[in-house]
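Only one structure is covered here, and it is reproduced in the block below.
We did not get these values from a lab; they are worked out from the coordinates using the rules stated. If you're wondering where the values come from, they're calculated on a predicted model, not measured in any experiment. Neighbour counts run over all protein chains shown; Cβ positions are idealised from the backbone, glycine included.
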């Protein structure tokens, strides 16, 4: 398994490729590495983890100011979760890009997960790819049963995280986070749910 380099501080290492993908945390870092490996392009893209979304602006400005970045990088991708506001998520990334003063020679592409119109996160997208799997039906049904029995769980936005954990337990990955599970082929990357994301990373 190829593990993304730790790049949560700048400069952690020098820039080595002309294509860089910035991601929000360890889970998407592993997930996108698995996706790039599946597509046969893992050796063409560097994946850098900027940590939390609140770090993106400062992180990108610092990275973009380095001599290595200015000399080598031609294409920059940025991925983040939509959370409860897809439009606001894209606006925040756009703002970070604008404030980083990138050169005109750098192409920028943005991926909001699960998409530009739906609240959610990377787990939401992963579950879309397995929604016809009987194990998914059982995992989702578990929480329906809890609700019927009067169990109230807070934070409906992160419901997908709970369903993912139960789903992965049913797939014999009980301890694997979403990103590590991607390396174990838990998510069918050829599924239509990942079509936009495949194009995003291939077009960097």
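For the stretch 83-137, what D do you get in µm² per second when you plug the Kirkwood radius from alpha-carbon pairs into Stokes-Einstein at 4 °C and 1.567 mPa s?
Working: Rh = 13.1 Å.
This corresponds to a translational diffusion coefficient of 99 µm²/s.
Could you order peptides 73-81, 45-53 by the average number of other Cβ atoms within 10 Å of their residues, highest first? Numbers along the way, then the final one.
On the way: 73-81: 21.4, 45-53: 19.9.
The peptides rank, most packed first, as 73-81, 45-53.
What is the calculated FRET efficiency for residue 70 to residue 175, with r their C-beta to C-beta distance and R₀ = 35 Å, to the nearest 0.05? Kindly include the intermediate steps, with their values, before the conclusion.
Working: r = 42 Å, r/R0 = 1.19.
Computed FRET efficiency for residue 70 and residue 175: 0.25.
Explain nothing, just the number: relative contact order of the chain, from Cα pairs under 8 Å at least 6 residues apart, as a whole percent.
23
Against the chain, whose longest principal axis is taken from its Cα atoms, helix 159-170 shows a tilt of about 70°. Over the chain, DSSP H runs of length four or greater, each weighted -39,500 (n - 2.57), average out per residue to a 222 nm ellipticity of -13000 deg cm²/dmol.
Hey, what angle do you get for helix 86-99 against the long axis of the chain, alpha-carbon based, 0 to 90 degrees rounded to 10? On a 0 to 90 degree scale, this one is about 20.
log10 I(q)/I(0), Debye, Cα-only the stretch 14-173, no solvent, q = 0.11, 0.14 Å⁻¹? The Cα Debye sum returns log10 ratios of -0.52, -0.78.
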